[in-house]
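The next block holds one structure in the form of structure tokens; read it before the comments.
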Amino acid sequence: MHQLKLYKPAGIERARDTFCNVCNGAPSLCRMTTCPFLGGLRRWIEDNRAMKTTNLSGPSPPAIFVGQGGYPKVSTGPLVPPLTQCDDASIMDAPEQWLHKTFDELLRYRLSLFMGKAPMTVASAKAPNRMLQVVQELVMADQPTETEVWLSKRPNLEAIFMPRLAPIGPSGPMTKAVLAENPRVPGPVDAAVSDKDLQAQDGIVKLHRSGIPQQHLTRLLSIGLLGRGSQRRLVPTEWSITAVDDILGKELRREVLNYPSLSEFQVFGSAALANNVQVLLLPSMWMFEALEAWLRSPNSQPVNDFELTKGRSSYPRNLLGAYHATRLPILEYLTRIRKQAGAVVFLEVSDNWIPLGVWRFRELCREALKAEPIRTSTMEEALALLSPRLLLPIQRWIRVSEVLRYHRTQLRIEKWMQ
């Protein structure tokens with residue numbers, strides 16, 4: 001489990017992915033009309049009678065948070081919506097359902113989740129105290145569970161924005177937590193949690209094949225319910241998000257490498273929430289590259305990370321969590337069509353973006369790959385199709401792309417050898 005530290009968000013990722021151009025990470029100073037934390041939601045929270053007390057209750061989606069500050073002693077606790085207006089609280093922690101929501105809706109979901117936090121060592125997962133046991137029981141559930149939390153003081157009303165995780169609302173130090181109802185636990189989850197000889201990676205793969213949603217897997221890993229008994233640890237939630245993307249992606253890649261190569265170029269695309277994702281599949285062996293451009297100036301330049309058939313031997317230091325979040329949907333698609341291919345993903349982040357977490361790239365990529373692709377027989381035609389779908393000129397992307405350069409080089413070598 002110590003290898004999960006590789007997924008720790010770097011300083012450059014935190015600076016880039018949590019500070020939008022308007023609030024610069026300080027929502028109380030934000031002038032954006034779309035951010036309800038500045039307007040109606042913040043006033044509603046401040047005026048609500050529930051905020052005059054240190055006892056909060058509500059149907060947790062279920063959701064939890066494990067921080068990384070002070071690691072290996074971290075803040076841990078449940079997310080509870082005491083002021084929820086949702087008929088079904090599960091949507092508040094279900095990114096697979098968020099893509100076509102508005103900024104306002106998403107921020108209302110997330111900033112209505114209040115966090116009760118308590119300091120715990122990461123090793124406490126293998127011998128949890130009563131408070132951690134309650135949180136672990138909550139995480140095993142697959143539907144909203146009524147949860148009650150006691151705080152030592154009234155919540156801090158500032159929101160929390162992080163690179164990979166969707167925003168979280170007010171928080172406060174937790175002294176006690178209880179579940180007001182018995183959580184409903186799926187059979188495969190109960191079996192995996194009870195199996196103290198099952199490796200965490202194997203458990204994630206097994207549960208995924210059993211139909212357990214990816215967000216549920218992330219929670220289970222984060223709260224220390226997967227892995228061999230003596231090795232179980234609390235894992236910061238941001239690390240868990242990328243770890244699950246990576247574990248599932250590597251498992252699917254092993255399967256994809258056994259398939260025949262695609263026989264054509266395919267182009268897909270989807271855009272939402274000030275983000276644009278375009279996908280180019282190449283007729284080749286497995287290769288993958290993610291290119292990302294933040295459109296903060298007319299001279300914006302893409303950055304990239306890539307892998308060839310054998311995968312990467314180092315962490316993707318330019319795109320970080322976004323790399324694994326976009327690689328997984330590509331491999332899911334290739335597994336469905338039982339083909340092997342090269343893939344280049346183009347990611348554009350517009351200047352009216354709000355920090356929402358890395359899930360947006362994963363879900364945009366999945367959305368794109370649900371549609372029928374545009375098919376063509378040459379790279380030139382494929383790039384011509386991509387050009388009007390991207391805000392940056394296509395030549396800027398081509399200059400940076402290693403996979404496009406490699407593919408063209410390989411084709412010339414194959415032609416010469418014929």
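Laboratory data are not the source of any read-out in this text; all were calculated from the coordinates shown. Since the structure is predicted, the reported quantities are computational estimates derived from the model, not experimental observations. Don't worry about glycine lacking a Cβ; one is built from the backbone with ideal geometry, like all the others, and counts go over all protein chains shown.
Do any of 117/206; 101/250; 126/250; 73/206; 310/339; 117/153 go past 21 Å between their Cα atoms, and which?
Pairs exceeding the cut-off: 117/206; 101/250; 126/250; 73/206.
Compute the relative contact order of segment 260-417 as a whole-number percentage, counting only Cα pairs closer than 8 Å that sit 6 or more residues apart in sequence. Relative contact order of segment 260-417: 35 percent.
A straight chain from residue 130 to residue 185 at 0.36 nm per residue would run longer than the Cα-Cα distance by 17.9 nm. Relative protection proxy for 226-234, 9-17, 284-292, from highest mean packing down: 284-292, 226-234, 9-17 (other beta-carbon atoms within 10 angstrom). Look at the dipole of the chain built from charges on Cβ: of 247, 383, 280, the Cα furthest out on the positive end belongs to 247. The residue among 174, 59, 112 whose Cα reaches farthest toward the positive pole of the charge dipole of segment 53-184, with charges on the beta-carbon of Lys, Arg, Asp and Glu, is 174. In this label model, residue 309 and residue 387 are separated by 3.3 nm, measuring between points 7 Å along each Cα→Cβ vector. Rounded to the nearest 20, the size of the Cβ-charge dipole of the chain about its Cα centre is 960 debye, with Lys and Arg at +1 and Asp and Glu at -1. Our note on the geometry: Cα centres of segment 279-300 and segment 166-197, 38 Å apart.
Before rounding to the nearest 500, sum -39500 (n - 2.57) across all DSSP H runs of length at least 4 in the chain and divide by the residue total; then give [θ] at 222 nm in deg cm²/dmol. One gets -10500 deg cm²/dmol as the mean residue ellipticity at 222 nm. Only Lys, Arg, Asp and Glu carry charge here, each on its Cβ (+1 for the first two, -1 for the last two); on that basis segment 286-418 has a dipole of about 300 debye about its Cα centre. Between 410, 125, 100, the Cα set farthest toward the positive side of the dipole of the chain (charges on each charged residue's Cβ, about the Cα centre) is that of 125.
Put simply, the amide H of residue 287, placed in the peptide plane, has neighbours under 5 Å in 341, 342, 343, leaving out anything fewer than 5 places away on its chain. Taking trypsin sites (Lys or Arg not before Pro) across segment 130-164, the ones in a DSSP loop with at most 15 further Cβ atoms lying within 10 angstrom of their Cβ are 153.
Legend: helices of the chain (whole DSSP H runs) are marked when their alpha-carbon atoms reach 24 angstrom or more along the helix axis and their mean Kyte-Doolittle hydropathy is at least -0.5; marked are 237-256, 321-337. For segment 180-248, the square roots of the Cα gyration tensor eigenvalues, ordered a ≥ b ≥ c, give a/c below 1.5, which places it in the rounded category.
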